[in-house]
Amino acid sequence: MEPVQAQVTQDRRFGFRSFTRAVNELTIVVGFVGISLYLALTTPAFLTSANLLSILLASSLIGVVAVGETFVIVTGGIDLSVGSVVAFSGVMAGLALNAHVPVVVGVMIGIAIGALSGSFIAFAVTTLNMSPFIVSLAVLAMARGLAFIVTNGNTIFSFPDAFDNIGGGNIGAIPVAALITLGVFLVAGLVLARTVFGAEVYAVGGNRDAARLAGIPVGRTLAIVYIISGALAGLGGVILAGRLDSAQPIAATGLELNAIAAVVIGGASLFGGKGSILGTLLGVLIIGLINNGLTLKNVQPFWVQFIQGAVIFGAVLIDSLNQKRRGG
């Protein structure tokens, strides 16, 4: 009877977690709809096709990076390096293209630079047992520094049209970058929700010791999520360089704040074990709406960061209170 009772208890807990996640995602949807309605009713330019496409394009970079950040945060870690890695990957791809390598090779170089950055963090976290916060903060500084070193502080220009189309082109009326981002979300959603690896990610974030005792390769799982985060930051660097037709060492400053904000707003817990790709998608769209709405209302730009910080604080506070209530 005990195994049966254990299975029933596990099923009930799983059902409760699924119900809780559905409620959280519904709450986020209500928030998204509420913000959209407010902007639609108070800002005539909001519902124009040009503005909506602008939101999609601006959200693409945040979305790609936020997907990688979701994997990391679900394991209970954090990656603060993504903004700098976007810049470094972009300038390395740009330098390669200026050396007349094929566009596909330039794109792969950008993604590979991001993956290598993620591998460095993974090595430090899993092998050297260093704090992800400290390691990724160090990589934030190192990657930004390297971006300035390899370019001598200059902007890289003049890329092939095929490369520029990745970040700035359209298929019909839809930005290519938005389609790439949608593809990333779809693949990541399937991986996190429907694969053994996805279950391992949640298990590691929920209780690392229990996951290790259950035979889950904790170190390998952590390494993979940081490599995913780095590779997607590299893809983000390619998208941004293509959109701007230039690669700037100062690009994407503060992007990590947007990415983390999107993941947290989307319902992920910084304590680990909680989060979803759908929630992150909604969080990215909410961040896009907030940024766009403040721009349309001519709010001073530096208020955007203040509001994002306040939103993150509120979301983390709620999560912390819920964590204490569950523990008590």
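Just a few scattered comments:
- Out of 93, 147, 124, 143, sole residue that is without any contact (Cβ under 8 Å) to a residue 60 or more places away in the chain, surrounded by 16 or more Cβ atoms within 10 Å (Cβ to Cβ) and in contact with a helix residue (DSSP H, G or I) (Cβ under 6 Å, 6 or more places away or on another chain): 124
- Residues that are of a type in the set (Val, Ile, Thr), surrounded by fewer than 19 Cβ atoms within 10 Å (Cβ to Cβ) and not in a strand (DSSP E or B), drawn from the stretch 150-172: 150, 155
- For the stretch 197-242, residues that are surrounded by fewer than 24 Cβ atoms within 10 Å (Cβ to Cβ) and in contact with a Leu (Cβ under 7 Å, 6 or more places away or on another chain) total 1.
Residue by residue, here is whether (1) at pLDDT 95 or above; (2) acidic (Asp, Glu); (3) in a loop (DSSP other than H, G, I, E, B) holds:
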| position | (1), (2), (3) |
| --- | --- |
| 58 | no, no, no |
| 77 | yes, no, yes |
| 97 | yes, no, no |
| 145 | yes, no, no |
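- The helices (runs of 4 or more DSSP H) found entirely in the stretch 209-328 that carry 3 or more residues being closer than 30 Å to residue 112 by Cα are 218-244, 255-265, 277-296.
- Checking every residue in the stretch 88-110 against the condition of being closer than 30 Å to residue 208 by Cα and not acidic (Asp, Glu) gives zero matches.
- Test for residue 265: is it over 17 Å from the mean Cα position of the chain (by Cα) and modelled with pLDDT under 95: no
- Any hit, the stretch 73-83, residues being in contact with a helix residue (DSSP H, G or I) (Cβ under 6 Å, 6 or more places away or on another chain) and of a type in the set (Ser, Thr, Tyr): yes
- Among residues of the stretch 58-76 that are under 11 Å from residue 184 (Cβ atoms), those with a beta-carbon under 9 Å from a residue that is of a type in the set (D, E, K, R) and in a helix (DSSP H, G or I) at least six positions away or on a different chain give the pairs 60/243; 65/256.
The values are calculated or read from the model by the stated rules, or taken from the named source; none is laboratory data. What you see is a predicted model; the values in this text were computed from it and never measured. Cβ atoms come from the backbone with ideal geometry, glycine included; neighbour counts cover every protein chain shown.
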